[in-house]
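S.K.: Quick one: the structure is below, questions incoming.
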Amino acid sequence: MCGIAGIMQLDGRPLDGRLLETMTTSLAHRGPDGEGYVLLAPGRREKPVAVNGRLSGAVGSSQPVGPFTLGFGHRRLAVIDLTPLAHQPMGTEDGRFWITYNGEVYNAPELRRELVAMGIQFRSASDTEVVLESYRHWGPACLDRFNGMFAFAIWDGRAQQLFCARDRFGIKPFYYRETAGRFLFASEIKALLQDSSCRVCPNDALLYDYLTLAKQDHTTGTFFEGIQQLAPGERMTVRSGRRAGSADLVRERWWRFPVGSHDRALTLNQAAARTRELIEDCVRLELRSDVPVGSCLSGGLDSSTIVCVMSRLLAGTSQPRTFSSCHEDVRFDERPFIRSVVEETGAANHQVFPDIARLARALPDILWHQEEPVGGTSILAQWAVMEAAGGAGMKVLLDGQGADELLLGYPRFMGARLADLVKGGRWFAGLREWGAWRSLHGGLPLTGWAGLVRGLLPAGQALRLRAGATGQDGWLDRRFVSRVGGPDRAWAEEDRGGRTALDREVARSVTQDLPALLHYEDRNSMAFSIEARVPFLDHRLVEWLAGLPPDCKVRDGVTKVVLREAMAGVLPETVRLRRDKMGFVTPEDRWLRVELRPQIEALLESESFRARPYWRAPVVRDWYRRYCGGRTAIGPLVWRWINLEWWLRRFCD
């Protein structure tokens, strides 16, 4: 896991080496184990100049740098092949191809054997070299062969083009910007902001989506106007444009989430057997590392599955080290379930008790790493867990992201399922499912009702109804709404492919909601130089689970049915059969109403907040006080108000 950066000068001017080094060093937290650069001169006869260490230490203080118009930077977190042979940027022996790469391709050993059989010789044991040689041999088609998480850029000197790619789910980030006669890319936005020509301006359309729909990372845009990102499963070629100083960018999807291709001939036992087989192999691959691998452990079904499978695979060698977020308030505490897993596996468990006073002091750092406003206080609990793991010397952690989206673990999926049954005329089946859900979970929460409404109504009507129900017209500034287009602009995003409401809800969750969770995971883990791996997003498992019929995932009010069956005899029964869901939860209402109230009151009264063009500040202040009095339940909205203000102060003011 690493940090990557690069500059492609498009106007013929020499490369700004100082900028390249500043971009790269801003990513030092992503790679504390090494720093490297390569300088290239496209279209000229000068040989590449590779630098191990600081660029300024090798080329001196003279800026710009010689005849070179293309440069890669790299910060290394050494996980596979800890030797200098795995140093990046890495080139082929003939100097035609150069790569700067972030991620892990877990099936690199199998690909290496395939390439060796074709006569290709390797100098290192790194997966970086496997990626590079795969591209040299198979071209862009190599992406279909990779099983892992990655974002990289490869320069092809003969074709005179830059090839950039991002993994299927966007686990690893790739940002870019074209400006002032050059193309820049990096693992994080802060690297692009090092360019003095980059005018920091908020992207109001995405601010609207965040404030009203709690959306982030659902498009290729960012909260910064002019800064783009590759979408999950997208690749891009970059060439110097026909017009001087411009670039020709060609973006295309190389992978799409499969929607609605259900195999209804399977029995639950057959589906569970194959699911268990795949999970075990996914975890086995993601345990490949030259440094110790631990895991997050919330006590829920997903992370407990990973820890229990890890324990079996590591039997006789070591037991997992696990890290958990806990609370003294039993409403938010999962220690009884965590203890069950620890007793079953013998895992060494480190427990963290998130302290909002300390986390509030860390918020400037958290926002600096996240770079964009975050969606809730659970991200703070995750930060505390990653901080503890980093302090314990961990470099790799497994985590359960993706399982809820694929196995229908959220109440909104039940709402969509009920919508399908109603629209299909299966009223009795719908009533039975609704009754089973109520007997196990009580009433359907608001997110479940939202899934039901989205399933029954066209997207435009559903969004209008949501806007009315949330009362957003009361606190939003009308000129802001008029400027960005209001709910109308979101309709196209809401209309996802799929034959059923449930298919559309799953696709929406995977393609629009999951990228934000992966964003949080990547930034929180990399802030402490930790590589976070997510076995449930092995594409083989994803494609398998996407093809299972709904009743393999939810039936009789029970979610994640196939996973529960698959893990019989592996998980402790107290965890396997639990019906509630928490995750890295926090006492959000108490934090926002009590502990953070003095800071929030001061923020809402501040001159900067009152001057923002996004909201009617007096209304926001009144709503917050009603919330503190227990008259409304708008905690997530309050968090978005204050988080956006903090972000604007950190990056834009």
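The values are calculated or read from the model by the stated rules, or taken from the named source; none is laboratory data. No experiment lies behind these values; they were computed from the predicted model shown. Quick reminder, even Gly has a Cβ in these numbers, built from the backbone with ideal geometry, and neighbours come from all protein chains shown. Remember, those area values only see protein heavy atoms, side chains included, never the ligands or the DNA or RNA. Shrake-Rupley method; radii C 1.70, N 1.55, O 1.52, S 1.80 Å.
S.K.: Per residue of segment 393-402, what does 6.51 cos²θ - 1.76 cosθ + 1.60 with θ = phi - 60° give for ³J(HN,Hα)? Whole Hz please, x for Gly and Pro, Karplus curve as stated.
M.R.: These are the phi-based 3J(HN,Hα) values: x, 6, 10, 9, 10, 8, 8, x, 4, x Hz.
S.K.: Could you work out the relative contact order of segment 390-464, using alpha carbon pairs under 8 angstrom and six or more residues apart, expressed as a whole percent?
M.R.: Here the relative contact order equals 38 percent.
S.K.: If I model a spin label as a point 7 Å beyond the Cα along the Cα-Cβ vector, how far apart are those points for ARG13 and LEU440 in nm?
M.R.: Once both label points are built, they end up 6.2 nm from each other.
S.K.: Among DSSP bridges having both ends in the chain, what percentage is antiparallel? Round to the nearest 5.
M.R.: On the way: 64 of 78 bridges.
Percentage antiparallel, nearest 5: 80.
S.K.: Can you list residues whose amide H is under 5 Å from TRP615's amide H, if they're 5+ apart or on another chain and H is modeled 1.01 Å from N?
M.R.: Under 5 Å from the amide H of TRP615 lie the amide H atoms of ASP477, each far enough along the sequence or on another chain.
S.K.: In addition: Output ³J(HN,Hα) for segment 568-581: one whole-Hz value per residue in order, computed from phi by the Karplus curve 6.51 cos²θ - 1.76 cosθ + 1.60 with θ = phi - 60°, and x for Gly and Pro.
M.R.: Result, rounded to whole Hz: 4, x, 10, 8, x, 4, 4, 8, 4, 9, 5, 10, 7, 9.
S.K.: If you put +1 on each Lys and Arg Cβ and -1 on each Asp and Glu Cβ, how big is the dipole of segment 21-93 around its Cα centre, in Debye rounded to 20?
M.R.: So the dipole magnitude of segment 21-93 works out to roughly 160 debye.
S.K.: May I pose another question? Could you give the semi-axes, largest first, of the ellipsoid that matches the chain, computed as the square roots of 5 times the alpha carbon gyration tensor eigenvalues and rounded to whole Å?
M.R.: For the chain, the semi-axes come out at 39, 31, 24 Å.
S.K.: Non-local amide H neighbours of GLN161 (under 5 Å, H modeled in plane, Pro and chain starts lacking H): which ones?
M.R.: The list, which skips near neighbours in sequence, is ASP156.
S.K.: Let me ask something additional. Calculate the spin-label point distance for ASP653 paired with LYS190, positioning each point 7 Å from the Cα along the beta-carbon direction, and give it in nanometres.
M.R.: My value for the distance between the label points is 1.9 nm.
S.K.: On alpha-carbon atoms, Rg over Rh for segment 300-354 using Kirkwood Rh? Please report the intermediate quantities before stating the final value.
M.R.: On the way: Rg = 11.5 Å, Rh = 11.6 Å.
Reported Rg/Rh (Cα atoms, Kirkwood Rh): 0.99.
S.K.: Shifting gears a bit: Ordered by residue, what ³J(HN,Hα) values in Hz, to whole numbers, does segment 91-107 give under the Karplus form 6.51 cos²θ - 1.76 cosθ + 1.60, where θ = phi - 60° and Gly and Pro are x?
M.R.: x, 6, 4, 7, x, 6, 10, 9, 10, 10, 9, 10, x, 9, 9, 6, 9
S.K.: Next up: At R0 = 22 Å, how high is the FRET efficiency between ALA159 and ASN52 if r is their beta carbon distance? Nearest 0.05 is fine.
M.R.: 0.25
S.K.: Something else: Binning at 5 angstrom from zero up to the longest distance, how are the C-alpha pair distances of segment 603-653 distributed in percent?
M.R.: Reading upward from the zero bin: 4, 20, 32, 24, 13, 5, 1.
S.K.: At 1.4 Å probe size, with every protein chain present, just tell me what the per residue accessible area of the chain comes to in Å². The partial results should precede the final answer.
M.R.: Numbers: 24800 Å² over 653 residues.
I get 38 Å² per residue for this part.
S.K.: With r defined as the distance between the Cβ atoms of GLU328 and SER289 and R0 fixed at 30 Å, what FRET efficiency is calculated, to the nearest 0.05?
M.R.: Efficiency, rounded to the nearest 0.05: 0.30.
S.K.: Let me ask you something else. Which residues make up the longest stretch of the chain that has no trypsin sites (Lys or Arg not before Pro) in a DSSP loop with at most 11 other Cβ atoms within 10 Å?
M.R.: Result for the longest clean stretch: 265-578.
S.K.: Let me ask another. List the GluC sites (Glu not before Pro) in segment 86-152 that DSSP assigns to loop (not H, G, I, E or B) and whose Cβ has at most 11 other Cβ atoms within 10 Å. Which are they?
M.R.: GLU93
S.K.: Compactness ratio of segment 387-494: Cα Rg over 2.2 N^0.38 Å, N = residue count?
M.R.: Here the Cα radius of gyration is 1.47 times the empirical estimate.
S.K.: Moving to a separate point now. Kindly express, to the nearest 10 degrees and within the range 0 to 90, the angle between helix 204-213's C-alpha long axis and the longest C-alpha principal axis of the chain.
M.R.: Result, in degrees: 30.
S.K.: Here's a follow-up. Holding the Cα-Cα limit at 29 Å, pick out from LYS190/LYS581; LYS190/LYS215; LYS190/LYS553; LYS47/LYS190 the pairs that are longer than that. Before the final figure, lay out each step's value.
M.R.: Details: LYS190/LYS581 35 Å; LYS190/LYS215 21 Å; LYS190/LYS553 40 Å; LYS47/LYS190 31 Å.
Pairs exceeding the cut-off: LYS190/LYS581; LYS190/LYS553; LYS47/LYS190.
S.K.: Non-local amide H neighbours of PHE174 (under 5 Å, H modeled in plane, Pro and chain starts lacking H): which ones?
M.R.: Amide H neighbours of PHE174, under 5 Å, 5+ apart: LEU230.
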